[in-house]
Amino acid sequence: MNPRTKALKAFARGQKGSRSTVTLTDNRTGQSLVLPILEGTEGPGVMDIRTLYSKTGLFTYDPGFTSTGSCKSAITYIDGEAGILMHRGYRIEALAEHSDYLEVCYLLINGELPTSEQKRKFMQALSDHTMVHEQIMKFFQGFRRDAHPMAIMVGMVGALSAFYHDDIHDFTSPEGRWIAVSRLLAKIPTIGAMAYKYSIGQPFIYPRNDLNYPENLLHMMFATPCENYLVSPIQARAIDRILILHADHEQNASTSTVRLAGSSGANPFACISAGIASLWGRAHGGANEAVLNMLREIGHKDNIPEFIRRAKDKDDPFRLMGFGHRVYKNHDPRAAVLRESCHEVLEELGYDNKPLLDLAMELEQIALEDNYFIRKKLFPNVDFYSGIILRALGIPTSMFTVLFAIARNVGWIAQWKEMTEDKAMKIGRPRQLYSGYNQRIYLPIEQRSKRRRRNVFPGIVPKQF
Ligand code: ACO
(Lines give C-alpha, C1' and ligand atoms only; values in the text may rest on other atoms or scores of the structure.)
Protein backbone atom coordinates (compact mmCIF):
# COMPACT_ATOMS: atom_id res chain seq x y z
CA MET A 1 0.00 0.00 0.00
CA ASN A 2 1.47 3.39 -0.97
CA PRO A 3 2.11 5.88 1.86
CA ARG A 4 -0.67 8.24 0.75
CA THR A 5 -3.33 5.52 0.71
CA LYS A 6 -2.03 4.27 4.04
CA ALA A 7 -2.23 7.74 5.56
CA LEU A 8 -5.70 8.37 4.11
CA LYS A 9 -6.88 5.10 5.61
CA ALA A 10 -5.32 6.09 8.93
CA PHE A 11 -7.14 9.41 8.71
CA ALA A 12 -10.46 7.74 7.95
CA ARG A 13 -9.84 5.36 10.84
CA GLY A 14 -9.09 8.38 13.03
CA GLN A 15 -12.50 9.79 12.12
CA LYS A 16 -14.27 6.58 13.13
CA GLY A 17 -12.08 5.11 15.82
CA SER A 18 -8.37 5.84 15.80
CA ARG A 19 -5.87 3.27 17.00
CA SER A 20 -3.64 6.00 18.41
CA THR A 21 -4.99 8.02 21.27
CA VAL A 22 -4.03 10.59 23.85
CA THR A 23 -5.37 10.39 27.38
CA LEU A 24 -6.02 13.66 29.19
CA THR A 25 -6.48 13.61 32.94
CA ASP A 26 -8.08 16.45 34.89
CA ASN A 27 -6.09 16.60 38.13
CA ARG A 28 -8.94 18.34 39.92
CA THR A 29 -11.42 15.53 39.40
CA GLY A 30 -9.24 12.61 38.35
CA GLN A 31 -11.50 12.25 35.32
CA SER A 32 -9.74 10.94 32.19
CA LEU A 33 -10.69 11.39 28.57
CA VAL A 34 -9.31 9.34 25.68
CA LEU A 35 -8.94 11.41 22.54
CA PRO A 36 -8.19 9.95 19.10
CA ILE A 37 -5.14 11.05 17.11
CA LEU A 38 -5.90 11.71 13.44
CA GLU A 39 -3.02 11.17 11.02
CA GLY A 40 -2.67 13.29 7.88
CA THR A 41 -0.75 12.30 4.75
CA GLU A 42 2.26 14.36 5.92
CA GLY A 43 3.30 16.16 9.07
CA PRO A 44 2.28 15.85 12.69
CA GLY A 45 -0.95 14.13 13.62
CA VAL A 46 -3.68 16.07 15.39
CA MET A 47 -5.46 15.37 18.62
CA ASP A 48 -9.18 15.34 17.92
CA ILE A 49 -10.66 17.45 20.72
CA ARG A 50 -14.16 17.85 19.29
CA THR A 51 -15.73 16.00 22.23
CA LEU A 52 -13.64 17.79 24.86
CA TYR A 53 -16.21 20.36 25.95
CA SER A 54 -19.20 18.01 26.00
CA LYS A 55 -17.25 15.41 27.97
CA THR A 56 -15.27 17.65 30.39
CA GLY A 57 -16.76 21.15 30.27
CA LEU A 58 -13.32 22.50 29.32
CA PHE A 59 -12.22 24.52 26.29
CA THR A 60 -8.66 24.75 24.99
CA TYR A 61 -6.65 27.98 25.17
CA ASP A 62 -4.41 28.80 22.20
CA PRO A 63 -4.24 32.53 21.33
CA GLY A 64 -2.75 33.01 17.87
CA PHE A 65 -3.61 29.36 17.08
CA THR A 66 -0.01 28.23 17.55
CA SER A 67 -1.02 24.57 18.01
CA THR A 68 -4.52 24.47 16.61
CA GLY A 69 -5.58 22.80 13.38
CA SER A 70 -8.68 24.67 12.20
CA CYS A 71 -9.55 22.48 9.22
CA LYS A 72 -8.64 19.51 7.06
CA SER A 73 -7.04 20.58 3.78
CA ALA A 74 -5.39 18.84 0.82
CA ILE A 75 -4.02 21.97 -0.86
CA THR A 76 -0.75 23.03 0.72
CA TYR A 77 1.73 21.38 3.05
CA ILE A 78 4.46 23.16 5.00
CA ASP A 79 7.20 21.55 7.06
CA GLY A 80 8.52 24.56 8.90
CA GLU A 81 11.41 22.71 10.55
CA ALA A 82 12.72 21.34 7.26
CA GLY A 83 11.85 24.46 5.22
CA ILE A 84 9.52 22.59 2.84
CA LEU A 85 6.51 24.03 1.02
CA MET A 86 4.42 21.90 -1.33
CA HIS A 87 1.26 22.60 -3.29
CA ARG A 88 -0.78 19.48 -4.02
CA GLY A 89 2.42 17.49 -3.48
CA TYR A 90 4.70 19.57 -5.73
CA ARG A 91 7.67 21.36 -4.17
CA ILE A 92 7.56 25.14 -4.52
CA GLU A 93 11.08 25.16 -5.97
CA ALA A 94 9.92 22.89 -8.86
CA LEU A 95 6.83 24.97 -9.51
CA ALA A 96 8.83 28.21 -9.49
CA GLU A 97 11.35 26.79 -11.94
CA HIS A 98 9.15 24.89 -14.39
CA SER A 99 5.62 26.19 -14.09
CA ASP A 100 3.78 29.45 -14.54
CA TYR A 101 1.30 31.23 -12.29
CA LEU A 102 -1.86 30.20 -14.14
CA GLU A 103 -0.79 26.58 -14.10
CA VAL A 104 -0.26 26.87 -10.33
CA CYS A 105 -3.72 28.46 -10.04
CA TYR A 106 -5.23 25.51 -11.89
CA LEU A 107 -3.31 23.12 -9.65
CA LEU A 108 -4.40 24.78 -6.42
CA ILE A 109 -8.04 24.96 -7.42
CA ASN A 110 -8.42 21.61 -9.20
CA GLY A 111 -5.84 19.45 -7.47
CA GLU A 112 -3.88 18.45 -10.61
CA LEU A 113 -1.64 20.19 -13.12
CA PRO A 114 -3.57 20.89 -16.33
CA THR A 115 -3.09 19.24 -19.71
CA SER A 116 -2.54 21.73 -22.59
CA GLU A 117 -6.22 21.54 -23.49
CA GLN A 118 -7.32 22.10 -19.88
CA LYS A 119 -4.94 25.02 -19.58
CA ARG A 120 -6.23 26.59 -22.82
CA LYS A 121 -9.83 26.32 -21.62
CA PHE A 122 -8.91 27.70 -18.19
CA MET A 123 -7.20 30.72 -19.76
CA GLN A 124 -10.16 31.24 -22.08
CA ALA A 125 -12.59 31.14 -19.15
CA LEU A 126 -10.57 33.76 -17.29
CA SER A 127 -10.20 36.04 -20.30
CA ASP A 128 -14.02 36.20 -20.51
CA HIS A 129 -14.05 38.01 -17.14
CA THR A 130 -11.02 40.31 -17.05
CA MET A 131 -13.02 43.53 -17.45
CA VAL A 132 -14.94 45.05 -14.57
CA HIS A 133 -18.45 46.47 -14.94
CA GLU A 134 -18.33 50.12 -16.09
CA GLN A 135 -20.30 51.06 -12.97
CA ILE A 136 -17.43 49.73 -10.84
CA MET A 137 -15.21 52.40 -12.40
CA LYS A 138 -17.43 55.07 -10.85
CA PHE A 139 -16.84 53.70 -7.36
CA PHE A 140 -13.21 54.74 -7.59
CA GLN A 141 -14.15 58.43 -7.71
CA GLY A 142 -15.31 58.16 -4.10
CA PHE A 143 -11.81 57.48 -2.76
CA ARG A 144 -9.43 60.20 -1.68
CA ARG A 145 -6.64 60.75 -4.17
CA ASP A 146 -4.02 59.72 -1.60
CA ALA A 147 -5.81 56.53 -0.55
CA HIS A 148 -3.52 53.54 -0.17
CA PRO A 149 -4.13 51.08 -3.05
CA MET A 150 -4.78 48.33 -0.46
CA ALA A 151 -7.60 50.44 1.04
CA ILE A 152 -9.05 50.74 -2.45
CA MET A 153 -8.65 47.00 -3.01
CA VAL A 154 -10.55 46.15 0.19
CA GLY A 155 -13.40 48.43 -0.86
CA MET A 156 -13.54 47.49 -4.53
CA VAL A 157 -13.34 43.73 -4.09
CA GLY A 158 -15.98 43.97 -1.36
CA ALA A 159 -18.09 46.02 -3.79
CA LEU A 160 -18.04 43.12 -6.27
CA SER A 161 -20.37 41.33 -3.85
CA ALA A 162 -22.97 43.97 -4.68
CA PHE A 163 -22.65 43.10 -8.38
CA TYR A 164 -22.50 39.33 -8.02
CA HIS A 165 -24.85 38.81 -5.15
CA ASP A 166 -26.33 35.69 -3.70
CA ASP A 167 -29.82 36.35 -5.02
CA ILE A 168 -28.72 35.72 -8.58
CA HIS A 169 -25.77 33.41 -8.03
CA ASP A 170 -26.05 30.22 -6.10
CA PHE A 171 -22.54 29.94 -4.70
CA THR A 172 -23.43 26.64 -3.07
CA SER A 173 -23.74 25.01 -6.52
CA PRO A 174 -20.63 23.88 -8.45
CA GLU A 175 -21.54 26.22 -11.36
CA GLY A 176 -22.00 29.20 -9.02
CA ARG A 177 -18.70 28.48 -7.31
CA TRP A 178 -16.87 28.11 -10.61
CA ILE A 179 -18.13 31.44 -11.94
CA ALA A 180 -17.09 33.17 -8.69
CA VAL A 181 -13.63 31.57 -8.95
CA SER A 182 -13.23 32.73 -12.58
CA ARG A 183 -14.39 36.26 -11.84
CA LEU A 184 -12.14 36.64 -8.83
CA LEU A 185 -9.08 35.33 -10.63
CA ALA A 186 -9.73 37.45 -13.72
CA LYS A 187 -10.82 40.71 -12.13
CA ILE A 188 -8.50 41.16 -9.15
CA PRO A 189 -5.45 42.11 -11.28
CA THR A 190 -7.66 44.61 -13.14
CA ILE A 191 -8.83 46.14 -9.85
CA GLY A 192 -5.28 46.15 -8.42
CA ALA A 193 -3.94 48.00 -11.48
CA MET A 194 -6.88 50.44 -11.40
CA ALA A 195 -6.21 51.16 -7.71
CA TYR A 196 -2.68 52.16 -8.69
CA LYS A 197 -3.74 54.25 -11.69
CA TYR A 198 -6.26 56.06 -9.53
CA SER A 199 -3.65 56.80 -6.86
CA ILE A 200 -1.37 58.47 -9.42
CA GLY A 201 -4.15 60.23 -11.31
CA GLN A 202 -3.73 58.37 -14.59
CA PRO A 203 -6.57 56.92 -16.71
CA PHE A 204 -7.48 53.29 -16.25
CA ILE A 205 -6.06 50.90 -18.83
CA TYR A 206 -8.38 48.12 -19.95
CA PRO A 207 -7.17 44.52 -19.75
CA ARG A 208 -5.64 42.95 -22.84
CA ASN A 209 -6.54 39.32 -23.32
CA ASP A 210 -3.76 38.76 -25.88
CA LEU A 211 -1.21 39.14 -23.05
CA ASN A 212 -0.49 36.53 -20.44
CA TYR A 213 -1.41 37.06 -16.76
CA PRO A 214 1.71 38.95 -15.56
CA GLU A 215 2.11 40.83 -18.86
CA ASN A 216 -1.49 42.00 -18.71
CA LEU A 217 -1.02 43.13 -15.11
CA LEU A 218 2.12 45.11 -15.94
CA HIS A 219 0.44 46.60 -19.01
CA MET A 220 -2.59 47.74 -17.00
CA MET A 221 -0.25 49.28 -14.42
CA PHE A 222 2.25 51.04 -16.64
CA ALA A 223 0.72 51.67 -20.08
CA THR A 224 -0.85 55.05 -20.83
CA PRO A 225 -3.18 55.96 -23.70
CA CYS A 226 -0.57 58.30 -25.19
CA GLU A 227 2.41 55.95 -25.43
CA ASN A 228 3.12 52.52 -26.79
CA TYR A 229 4.12 50.42 -23.78
CA LEU A 230 6.00 47.19 -24.38
CA VAL A 231 6.10 44.75 -21.48
CA SER A 232 9.61 43.55 -20.70
CA PRO A 233 9.77 39.73 -20.75
CA ILE A 234 12.28 39.82 -17.86
CA GLN A 235 9.90 41.87 -15.79
CA ALA A 236 6.94 39.64 -16.68
CA ARG A 237 8.81 36.46 -15.80
CA ALA A 238 10.00 37.92 -12.49
CA ILE A 239 6.45 38.99 -11.59
CA ASP A 240 5.15 35.56 -12.58
CA ARG A 241 7.65 33.95 -10.23
CA ILE A 242 6.66 36.26 -7.38
CA LEU A 243 3.00 35.38 -8.03
CA ILE A 244 3.82 31.65 -7.89
CA LEU A 245 5.79 32.00 -4.66
CA HIS A 246 2.94 33.85 -2.94
CA ALA A 247 0.05 31.80 -4.35
CA ASP A 248 -0.89 29.90 -1.21
CA HIS A 249 0.50 29.30 2.23
CA GLU A 250 -1.78 27.00 4.15
CA GLN A 251 -3.82 28.44 7.05
CA ASN A 252 -2.07 31.83 7.45
CA ALA A 253 -3.89 34.87 8.91
CA SER A 254 -5.53 36.08 5.69
CA THR A 255 -6.52 32.58 4.52
CA SER A 256 -7.98 31.78 7.91
CA THR A 257 -9.86 35.09 7.69
CA VAL A 258 -11.32 34.08 4.33
CA ARG A 259 -12.30 30.66 5.69
CA LEU A 260 -13.84 32.14 8.83
CA ALA A 261 -15.82 34.72 6.85
CA GLY A 262 -16.87 32.06 4.32
CA SER A 263 -17.90 29.58 7.00
CA SER A 264 -21.04 31.63 7.65
CA GLY A 265 -22.01 31.29 3.98
CA ALA A 266 -21.02 34.89 3.20
CA ASN A 267 -20.65 36.08 -0.38
CA PRO A 268 -17.25 34.93 -1.78
CA PHE A 269 -16.28 38.41 -3.02
CA ALA A 270 -16.90 39.80 0.48
CA CYS A 271 -14.80 36.93 1.94
CA ILE A 272 -11.87 37.72 -0.35
CA SER A 273 -12.15 41.38 0.62
CA ALA A 274 -11.82 40.30 4.28
CA GLY A 275 -8.69 38.33 3.31
CA ILE A 276 -7.21 41.42 1.64
CA ALA A 277 -7.83 43.43 4.83
CA SER A 278 -6.02 40.83 6.92
CA LEU A 279 -3.12 40.61 4.47
CA TRP A 280 -2.55 44.37 4.62
CA GLY A 281 -1.09 44.28 8.14
CA ARG A 282 2.64 44.81 8.67
CA ALA A 283 3.05 41.45 10.36
CA HIS A 284 1.66 39.70 7.25
CA GLY A 285 1.60 40.90 3.62
CA GLY A 286 2.39 44.48 4.50
CA ALA A 287 5.87 43.32 5.49
CA ASN A 288 7.41 43.69 2.00
CA GLU A 289 6.45 47.36 1.92
CA ALA A 290 7.67 47.68 5.51
CA VAL A 291 11.04 46.15 4.50
CA LEU A 292 11.64 48.90 1.96
CA ASN A 293 10.55 51.60 4.39
CA MET A 294 12.86 50.10 7.01
CA LEU A 295 15.82 50.01 4.60
CA ARG A 296 15.20 53.65 3.77
CA GLU A 297 15.05 54.47 7.47
CA ILE A 298 18.33 52.63 8.12
CA GLY A 299 19.78 54.61 5.25
CA HIS A 300 23.41 53.53 5.54
CA LYS A 301 25.37 50.42 6.44
CA ASP A 302 26.89 52.22 9.41
CA ASN A 303 23.46 52.49 11.00
CA ILE A 304 22.72 48.75 10.86
CA PRO A 305 24.14 47.89 14.33
CA GLU A 306 21.88 50.50 15.94
CA PHE A 307 18.79 48.98 14.25
CA ILE A 308 19.87 45.47 15.21
CA ARG A 309 20.24 46.65 18.79
CA ARG A 310 16.72 48.14 18.68
CA ALA A 311 15.27 44.91 17.19
CA LYS A 312 16.66 43.00 20.16
CA ASP A 313 15.45 45.47 22.77
CA LYS A 314 12.28 44.15 24.43
CA ASP A 315 11.16 47.68 25.30
CA ASP A 316 11.46 48.92 21.73
CA PRO A 317 8.57 47.96 19.42
CA PHE A 318 10.91 47.99 16.40
CA ARG A 319 11.34 44.63 14.65
CA LEU A 320 13.47 43.74 11.68
CA MET A 321 10.89 43.62 8.91
CA GLY A 322 11.27 40.62 6.61
CA PHE A 323 12.70 38.43 9.38
CA GLY A 324 10.99 35.65 11.28
CA HIS A 325 8.06 33.43 10.50
CA ARG A 326 5.45 31.64 12.56
CA VAL A 327 6.01 28.34 10.77
CA TYR A 328 9.48 28.36 9.19
CA LYS A 329 12.13 27.82 11.83
CA ASN A 330 14.96 26.75 9.54
CA HIS A 331 14.58 28.69 6.33
CA ASP A 332 11.75 29.98 4.15
CA PRO A 333 12.02 28.02 0.87
CA ARG A 334 10.32 30.87 -1.00
CA ALA A 335 12.97 33.25 0.30
CA ALA A 336 15.69 30.92 -1.02
CA VAL A 337 14.15 30.96 -4.54
CA LEU A 338 13.63 34.71 -4.44
CA ARG A 339 17.14 35.40 -3.15
CA GLU A 340 18.47 33.71 -6.28
CA SER A 341 15.94 35.47 -8.52
CA CYS A 342 16.79 38.74 -6.88
CA HIS A 343 20.39 38.58 -8.07
CA GLU A 344 19.42 37.28 -11.55
CA VAL A 345 16.81 39.97 -12.09
CA LEU A 346 19.05 42.77 -10.93
CA GLU A 347 21.77 41.58 -13.26
CA GLU A 348 19.43 41.12 -16.23
CA LEU A 349 17.87 44.52 -15.72
CA GLY A 350 21.27 46.14 -15.27
CA TYR A 351 19.84 47.69 -12.13
CA ASP A 352 22.35 50.14 -10.81
CA ASN A 353 20.59 51.47 -7.71
CA LYS A 354 22.75 49.06 -5.76
CA PRO A 355 23.03 50.88 -2.40
CA LEU A 356 19.62 49.64 -1.26
CA LEU A 357 20.41 46.07 -2.25
CA ASP A 358 23.89 46.27 -0.72
CA LEU A 359 22.32 47.55 2.46
CA ALA A 360 19.80 44.66 2.43
CA MET A 361 22.55 42.08 1.85
CA GLU A 362 24.66 43.53 4.65
CA LEU A 363 21.66 43.50 6.99
CA GLU A 364 20.89 39.92 6.03
CA GLN A 365 24.50 38.88 6.73
CA ILE A 366 24.70 40.61 10.10
CA ALA A 367 21.31 39.26 11.24
CA LEU A 368 22.20 35.73 10.14
CA GLU A 369 25.35 35.80 12.25
CA ASP A 370 23.80 37.44 15.28
CA ASN A 371 23.17 35.19 18.28
CA TYR A 372 19.75 36.66 19.05
CA PHE A 373 18.44 35.89 15.54
CA ILE A 374 20.07 32.45 15.49
CA ARG A 375 18.67 31.55 18.90
CA LYS A 376 15.17 32.70 18.03
CA LYS A 377 15.37 31.13 14.56
CA LEU A 378 14.66 34.41 12.80
CA PHE A 379 15.62 33.96 9.15
CA PRO A 380 14.88 36.29 6.24
CA ASN A 381 11.40 35.51 4.95
CA VAL A 382 9.94 35.85 1.45
CA ASP A 383 9.04 39.50 2.01
CA PHE A 384 12.64 40.47 2.62
CA TYR A 385 13.59 39.64 -0.98
CA SER A 386 10.29 40.32 -2.73
CA GLY A 387 10.46 43.95 -1.58
CA ILE A 388 13.89 44.36 -3.16
CA ILE A 389 12.96 42.66 -6.45
CA LEU A 390 9.74 44.61 -6.79
CA ARG A 391 11.64 47.79 -6.18
CA ALA A 392 14.18 46.90 -8.89
CA LEU A 393 11.32 46.08 -11.27
CA GLY A 394 10.04 49.62 -10.86
CA ILE A 395 6.94 48.62 -8.87
CA PRO A 396 5.96 51.46 -6.53
CA THR A 397 6.23 50.57 -2.85
CA SER A 398 2.54 51.15 -2.19
CA MET A 399 1.75 48.40 -4.72
CA PHE A 400 3.89 45.69 -3.09
CA THR A 401 1.11 44.36 -0.88
CA VAL A 402 -1.38 44.71 -3.72
CA LEU A 403 0.78 42.35 -5.79
CA PHE A 404 0.87 39.97 -2.86
CA ALA A 405 -2.95 40.13 -2.68
CA ILE A 406 -3.24 39.46 -6.42
CA ALA A 407 -0.98 36.42 -5.98
CA ARG A 408 -2.63 35.08 -2.81
CA ASN A 409 -6.12 35.54 -4.28
CA VAL A 410 -5.92 32.05 -5.79
CA GLY A 411 -4.95 30.49 -2.47
CA TRP A 412 -7.91 32.16 -0.77
CA ILE A 413 -10.24 31.02 -3.55
CA ALA A 414 -8.95 27.43 -3.51
CA GLN A 415 -9.28 27.26 0.29
CA TRP A 416 -12.75 28.85 0.22
CA LYS A 417 -13.83 26.39 -2.47
CA GLU A 418 -12.42 23.42 -0.56
CA MET A 419 -14.20 24.55 2.59
CA THR A 420 -17.58 25.09 0.95
CA GLU A 421 -17.35 21.67 -0.74
CA ASP A 422 -16.60 19.96 2.56
CA LYS A 423 -19.83 18.41 3.83
CA ALA A 424 -18.50 18.42 7.40
CA MET A 425 -17.99 22.19 7.34
CA LYS A 426 -19.30 24.13 10.33
CA ILE A 427 -19.41 27.85 10.99
CA GLY A 428 -16.11 28.94 12.59
CA ARG A 429 -16.80 29.89 16.18
CA PRO A 430 -13.82 29.90 18.59
CA ARG A 431 -14.28 30.03 22.36
CA GLN A 432 -12.52 32.24 24.89
CA LEU A 433 -11.13 32.45 28.38
CA TYR A 434 -13.27 35.22 29.90
CA SER A 435 -11.31 37.63 32.10
CA GLY A 436 -13.86 40.40 32.65
CA TYR A 437 -16.15 41.34 35.55
CA ASN A 438 -18.49 38.93 37.22
CA GLN A 439 -22.12 39.98 37.20
CA ARG A 440 -22.65 43.58 38.41
CA ILE A 441 -25.62 45.76 39.36
CA TYR A 442 -26.56 48.46 36.82
CA LEU A 443 -26.19 51.94 38.40
CA PRO A 444 -28.04 55.04 37.20
CA ILE A 445 -25.62 57.56 35.63
CA GLU A 446 -25.62 60.00 38.60
CA GLN A 447 -24.49 57.26 40.98
CA ARG A 448 -21.45 56.17 38.96
CA SER A 449 -17.97 57.00 40.33
CA LYS A 450 -15.55 59.21 38.41
CA ARG A 451 -12.68 56.82 39.04
CA ARG A 452 -10.29 57.22 36.10
CA ARG A 453 -9.44 54.12 34.16
CA ARG A 454 -6.95 53.53 31.40
CA ASN A 455 -8.04 52.80 27.83
CA VAL A 456 -11.33 54.62 28.23
CA PHE A 457 -12.70 56.78 25.43
CA PRO A 458 -11.12 60.15 26.26
CA GLY A 459 -13.99 62.25 24.95
CA ILE A 460 -11.70 64.25 22.65
CA VAL A 461 -10.64 62.99 19.25
CA PRO A 462 -8.13 64.86 17.10
CA LYS A 463 -9.75 66.64 14.19
CA GLN A 464 -8.58 65.06 10.93
CA PHE A 465 -10.48 67.09 8.41
N1 ACO B 1 12.78 41.18 14.75
C2 ACO B 1 13.15 41.06 16.05
N3 ACO B 1 12.64 40.15 16.91
C4 ACO B 1 11.71 39.32 16.43
C5 ACO B 1 11.28 39.37 15.09
C6 ACO B 1 11.85 40.34 14.23
N7 ACO B 1 11.49 40.44 12.96
N8 ACO B 1 10.35 38.42 14.87
C9 ACO B 1 10.19 37.78 16.04
N10 ACO B 1 11.01 38.32 16.99
C11 ACO B 1 11.18 37.86 18.37
C12 ACO B 1 10.02 38.31 19.24
O13 ACO B 1 10.29 39.53 19.88
C14 ACO B 1 9.89 37.16 20.21
O15 ACO B 1 10.86 37.34 21.20
P16 ACO B 1 10.56 36.79 22.71
O17 ACO B 1 10.48 35.29 22.59
O18 ACO B 1 11.77 37.23 23.47
O19 ACO B 1 9.28 37.41 23.15
C20 ACO B 1 10.28 35.93 19.41
O21 ACO B 1 11.14 36.42 18.34
C22 ACO B 1 9.09 35.19 18.80
O23 ACO B 1 8.31 36.13 18.08
P24 ACO B 1 6.74 36.07 17.96
O25 ACO B 1 6.21 37.41 17.60
O26 ACO B 1 6.18 35.42 19.20
O27 ACO B 1 6.58 35.07 16.76
P28 ACO B 1 5.31 34.88 15.86
O29 ACO B 1 5.40 33.53 15.28
O30 ACO B 1 4.08 35.24 16.62
O31 ACO B 1 5.48 36.02 14.72
C32 ACO B 1 6.09 37.14 12.75
C33 ACO B 1 5.96 35.78 13.47
C34 ACO B 1 4.78 37.95 12.92
C35 ACO B 1 6.32 36.91 11.27
C36 ACO B 1 7.27 37.92 13.39
O37 ACO B 1 8.47 37.19 13.23
C38 ACO B 1 7.42 39.35 12.81
O39 ACO B 1 6.74 40.27 13.26
N40 ACO B 1 8.31 39.51 11.76
C41 ACO B 1 8.47 40.78 11.10
C42 ACO B 1 7.33 41.03 10.13
C43 ACO B 1 7.43 40.15 8.88
O44 ACO B 1 8.47 40.05 8.25
N45 ACO B 1 6.29 39.56 8.51
C46 ACO B 1 6.18 38.73 7.32
C47 ACO B 1 5.84 37.32 7.67
S48 ACO B 1 5.89 36.32 6.24
C49 ACO B 1 4.46 36.60 5.42
O50 ACO B 1 3.46 37.08 5.90
C51 ACO B 1 4.49 36.27 3.98
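The values are calculated or read from the model by the stated rules, or taken from the named source; none is laboratory data. Since this is a predicted model, take the numbers as computed values, not measurements. Please note: Cβ atoms are built from the backbone with ideal geometry, for glycine as well, and neighbour counts cover all protein chains shown. Note: areas computed on protein heavy atoms with side chains; ligands, DNA, RNA excluded. Shrake-Rupley method; radii C 1.70, N 1.55, O 1.52, S 1.80 Å.
Report the Cα centroid-to-centroid distance between the stretch 159-210 and the stretch 317-353 in angstrom, as an integer.
A separation of 30 Å, based on Cα centres.
Give a quick list of chymotrypsin sites (Phe, Trp or Tyr not before Pro) in the stretch 24-110 that DSSP marks as loop, anything other than H, G, I, E or B, with at most 12 other Cβ atoms within 10 Å.
Here the chymotrypsin sites (Phe, Trp or Tyr not before Pro) that fit, given the DSSP loop and packing criteria, are TYR61.
Let me check against my output: what whole-number percent is the relative contact order of the stretch 339-420, with C-alpha pairs under 8 Å and at least 6 apart?
31 percent
Please state, rounded to one decimal and in Å, the Kirkwood hydrodynamic radius that the stretch 103-211 gives when every pair of distinct Cα atoms enters the mean of 1/r.
Evaluated on the stretch 103-211, it is 15.2 Å.
Solvent-accessible area per residue for the chain at a 1.4 Å probe radius, Å²?
Dividing the accessible area of the chain by its residue count gives 55 Å².
On the accessible surface of the stretch 142-193, probed at 1.4 Å, how many percent belong to carbon and sulfur atoms?
So the carbon and sulfur contribution to the accessible surface is 58 percent.
As I understand it, the dipole of the chain uses +1 on the Cβ of Lys and Arg and -1 on the Cβ of Asp and Glu, about the Cα centre. Which of THR41, PRO114, ALA238 lies farthest toward its positive end?
Checked the options; the winner is THR41.
Run the dipole for the chain about the Cα centre, Lys and Arg Cβ at +1, Asp and Glu Cβ at -1, nothing else charged, and hand back the magnitude in debye, nearest 20.
2440 debye
For the stretch 85-128, state which GluC sites (Glu not before Pro) are in a DSSP loop and have at most 14 other beta carbons lying within 10 Å of their beta carbon.
Hits after loop and neighbour filter: GLU112.
What does the charge count near TRP178 come to, summing +1 for each Lys or Arg and -1 for each Asp or Glu among other residues with Cβ under 14 Å from its Cβ?
-1
With every protein chain present, what accessible area does THR23 have (1.4 Å probe, heavy atoms only), rounded to the nearest 10 Å²?
Counting only protein heavy atoms, THR23 exposes about 80 Å² to solvent.
If I take every Cα pair under 8 Å that is 6 or more residues apart in the stretch 248-320, average their sequence separation and divide by the length, what percent do I get for the relative contact order?
Reported relative contact order: 19 percent.
When the accessible area of the stretch 216-346 is split by element with a 1.4 Å probe, what percent falls to carbon and sulfur?
That fraction is 53 percent.
With every protein chain left in place, what is the accessible area of LYS121 in Å² (1.4 Å probe, nearest 10)?
Probe radius 1.4 Å; accessible area of LYS121 about 120 Å².
Identify, among MET220, ILE298, GLY275, the residue whose Cα sits farthest towards the positive end of the charge dipole of the stretch 215-301, taking +1 on the Cβ of Lys and Arg and -1 on the Cβ of Asp and Glu, with the dipole about the Cα centre.
ILE298
List the aspartates and glutamates whose Cα lies under 15 Å from the Cα of LYS377, skipping any in the same chain that are fewer than 8 positions away.
ASP79, GLU81, ASP332, GLU364, GLU369
Label-point separation (nm) for HIS343 and MET425, each offset 7 Å from Cα along Cα-to-Cβ?
Distance between the two pseudo-spin positions: 4.4 nm.
Given a Förster distance of 60 Å, report the FRET efficiency between ASN27 and ASP210 from their Cβ-Cβ distance, rounded to the nearest 0.05.
Once rounded, the FRET efficiency stands at 0.30.
Any idea of PHE204's accessible area? Nearest 10 Å², probe 1.4 Å.
The accessible area comes out at roughly 50 Å².
Please give the length that would be gained between SER20 and MET131 if that part of the chain were fully extended, namely 0.36 nm times their separation in residues minus their C-alpha to C-alpha distance (nm, one decimal).
Length gained between SER20 and MET131: 34.7 nm.
Suppose the Debye formula is applied to equal point scatterers at every Cα of the chain; what is log10 I(q)/I(0) at q = 0.11, 0.13 Å⁻¹?
-1.02, -1.32
Cα-based Rg (one decimal) and Dmax (whole number) for the stretch 323-370, in Å?
12.4, 35
Can you give the extra length, in nm with one decimal, that the chain gains between LYS314 and GLU112 once fully stretched, where that is 0.36 nm per residue apart less the Cα-Cα distance?
My answer for the length gained is 68.1 nm.
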